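Quick notes on the structure that follows.
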Amino acid sequence: MSSNDYLVFGQPLIARDEIDEVVDSMQKAWLGTGPKAAAFEKAVATYKTNPGSPAPYAVGLNSCTAGLHLSCLALGLEPGDEVITTAMTFCATVNAIIHAGATPVLADVDPATFNIDPADVARKITPRTKALLPVHFAGRPCDMDALMALAKKHRLRVIEDCAHAIETLYKGRAAGTIGDCGALSFYSTKNIVTGEGGMVLTGDEAIAARIKMLALHGMSLDAWKRFSDDGYKHYDVAEVGFKYNMMDIQAAIGLRQIEKIGPYWERRLAVWNRYQDAFAGLPLTLPAPLEDTAATGSKHALHLYTILIDPARTGGVDRDAFLIHLHRLGIGTGVHYRAIPTHSAYRKRFGWEPADWPVAHRIGEQTVSLPLSAKLTDADVDRVVAGVKSLIR
Ligand SMILES: *Cc1c(COP(=O)(O)O)cnc(C)c1O
């Protein structure tokens with residue numbers, strides 16, 4: 001097998017139009033933040049507008065991690081404040097809380113959805129709790145009614161980690177517009193990509209302005225006009241900020257990607273359904289069925305297709321043996337995720353023991369993500385199905 005045959009996990013679909021749009025930025029020599037970044041913010045805000053509501057404010061950034069970090073800061077989190085998030089997420093979610101000076105508190109997850117369990121959130125609320133940071137895992141919406149009710153009762157801020165959830169709807173409302181802020185990712189493996197990139201959505205104009213300012217060194221918003229040809233303007237450094245702005249080269253890719261968000265989702269749905277049918281009789285735990293969007297208004301963004309490998313059911317094959325087997329067959333897989341408290345940095349810092357989050361810990365030991373990108377051909381999907389069936393019967 002040549003290395004060209006290796007099925008790289010999560011590879012994005014890049015077409016001529018994305019390439020041409022990047023070349024256009026290069027030819028105009030407008031590489032940094034400029035008109036394309038503004039146009040991409042507008043396109044995403046339009047896509048995320050709920051029926052009958054104004055468009056959210058959208059601030060383009062260089063990552064979702066930056067978006068989570070700045071959301072924590074702009075919402076006024078301070079040292080000593082606790083933020084409750086999920087034990088089943090990417091490290092960036094927890095790191096953003098820590099970098100904002102706050103203390104992460106982990107809640108366990110629902111065994112069927114892998115989403116944060118509102119009952120465990122309720123148990124972990126203390127007088128120091130200031131915010132909730134749910135993650136719409138794999139693109140399946142969290143139980144936002146329960147989380148928003150807790151937030152209202154205890155006067156908490158809510159930041160939605162929408163890294164998997166660009167297309168996600170919860171009861172007809174776009175993920176990222178339900179809490180105070182929502183952070184999206186356009187990292188290379190996500191549903192639509194800009195290479196590296198992220199965006200924050202918020203309904204609050206002042207929060208959007210603060211995030212925008214913090215993303216560019218804390219310089220007064222007039223400084224953004226440095227990037228236009230209106231002539232020189234002095235700026236004031238009003239806060240000590242960061243360097244998190246989105247480049248036009250990134251936005252160029254995103255502008256062409258978001259036009260294809262519908263067909264990409266449809267393609268992933270076809271792959272998802274093919275996997276669900278092919279694996280139905282196998283001793284694996286498959287993702288919970290999708291909700292009927294027409295009936296409930298909720299929509300899964302289909303970012304990850306995860307299965308659980310329990311050696312007690314597979315005749316001794318464990319997750320790591322499974323992913324090594326697929327790797328040898330030239331199929332790249334992912335692990336989303338080993339539970340947060342398994343990582344040494346957090347164990348040292350917070351004294352966390354994985355066994356205290358039993359559901360997340362078990363998922364973290366058993367989960368594997370199969371390829372699910374719009375780039376997959378039918379032949380690629382057949383290869384994945386055959387690969388899985390060659391080990392699990
Ligand atoms: C990818 C991801 C992030 C970070 O996104 P970046 O754009 O790479 O910073 C945060 N949270 C979750 C759940 C993710 O999957």
Can you return the lysines within cross-link range of Lys299? Criterion is Cα-Cα under 20 Å, with same-chain partners fewer than 8 residues away left out. Lys48, Lys171, Lys190, Lys260
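Largest first, how would Ser220, Ser53 line up by accessible area (1.4 Å probe)? Before the final figure, lay out each step's value.
Values: Ser220 25, Ser53 55 Å².
Output order, biggest surface exposure first: Ser53, Ser220.
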Charge context of Ala131, other residues only, Cβ under 9 angstrom, K/R +1, D/E -1: -1
Looking only at Gly179, Gly139, Gly297, which one moves most when the chain is put into a Gaussian network model with springs between Cα atoms under 10 Å? Gly297
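Given an 8 Å cut-off on Cα distances and at least 6 residues of separation, report the relative contact order of the range 16-259 as a percent. Please report the intermediate quantities before stating the final value.
Working: 531 pairs, mean separation 64.3, N = 244.
Contact order relative to length: 26 percent.
Just the number: Rg to Rh for the range 258-336, Cα atoms, Kirkwood Rh, two decimals. Walk me through the numbers before you get to the answer.
Values: Rg = 14.9 Å, Rh = 14.6 Å.
Answer for the range 258-336: 1.03.
Percent relative contact order of the range 261-389, based on C-alpha pairs within less than 8 angstrom and at least six residues apart? Spell out each step's value before the answer.
Numbers: 144 pairs, mean separation 38.2, N = 129.
Relative contact order for the range 261-389 comes out at 30 percent.
Charges only on Cβ, +1 for Lys and Arg, -1 for Asp and Glu: so what's the dipole of the range 1-148 about the Cα centre, in debye to the nearest 20?
Numbers: 10 positive and 16 negative charges, 64 e Å.
Computed charge dipole of the range 1-148: roughly 300 debye.
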If you take the C-alpha gyration tensor of the range 16-259, multiply each eigenvalue by 5 and take the square root, what semi-axes do you get, largest first, in whole Å? 31, 21, 15
Over the chain, what is the percentage of antiparallel beta bridges among all DSSP beta bridges, to the nearest 5? 55
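Give me Rg/Rg_expected for the range 115-224, where Rg uses Cα atoms only and Rg_expected = 2.2 N^0.38 Å with N residues.
On the way: Rg = 15.1 Å, N = 110, 2.2 N^0.38 = 13.1 Å.
Dividing the Cα radius of gyration by 2.2 N^0.38 Å gives 1.15.
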Could you do me a favour and compute the accessible area per residue for the range 261-389, 1.4 Å probe, result in Å²? 44
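Report, to two decimal places, the Cα Rg of the range 261-389 normalised by 2.2 N^0.38 Å (N = number of residues).
Values: Rg = 16.3 Å, N = 129, 2.2 N^0.38 = 13.9 Å.
Computed over Cα atoms of the range 261-389, the ratio equals 1.17.
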Along the positive direction of the dipole of the chain (beta-carbon charges: Lys, Arg +1; Asp, Glu -1; about the Cα centre), which of Leu308, Gly387, Met219 reaches farthest? Leu308
What percent of all Cα-Cα pairs in the range 79-154 falls into each 5 Å bin, going from 0 up to the bin containing the maximum distance? 3, 18, 29, 25, 18, 6, 1
For the chain, with only Lys/Arg (+1) and Asp/Glu (-1) charged at the beta-carbon, what is the dipole magnitude about the Cα centre, in debye rounded to 20? 360
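Which value, in debye to the nearest 20, describes the size of the charge dipole of the range 91-166 about its Cα centre when Lys and Arg Cβ atoms bear +1, Asp and Glu Cβ atoms bear -1, and nothing else is charged? Walk me through the numbers before you get to the answer.
Numbers: 9 positive and 8 negative charges, 94 e Å.
About 460 debye.
Okay, helix-only estimate at 222 nm for the chain: each DSSP H run of n ≥ 4 adds -39500 (n - 2.57), divide by all residues, round to 500 deg cm²/dmol; what do you get? List each step's numbers first, then the result.
Details: 15 runs with 149 residues, N = 393.
-11000 deg cm²/dmol, from helical runs alone.
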Total charge of the residues flanking Ser25 in space, meaning their Cβ is under 14 Å from its Cβ, with Lys and Arg +1 and Asp and Glu -1, is -3
Of Ala183, Ala355, Ala74, which is the most mobile in a GNM of the chain whose springs link Cα atoms less than 10 angstrom apart? Ala355
Identify, among Ala102, Ser373, Met144, the residue whose Cα sits farthest towards the positive end of the charge dipole of the chain, taking +1 on the Cβ of Lys and Arg and -1 on the Cβ of Asp and Glu, with the dipole about the Cα centre. Ala102
Order the following by accessible area, largest value first: Lys171, Lys36. Probe radius 1.4 Å; ligands, DNA and RNA are ignored. Lys171, Lys36
Max mean-square fluctuation residue, GNM over the chain, Cα-Cα springs under 10 Å, options Tyr275, Tyr187, Tyr235: Tyr235
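The values are calculated or read from the model by the stated rules, or taken from the named source; none is laboratory data. Because the structure is a prediction, the values reported are computed rather than measured. As a convention, Cβ positions derive from the backbone with ideal geometry for all residues, glycine included, and neighbour counts pool all protein chains shown. Note: areas computed on protein heavy atoms with side chains; ligands, DNA, RNA excluded. Shrake-Rupley method; radii C 1.70, N 1.55, O 1.52, S 1.80 Å.
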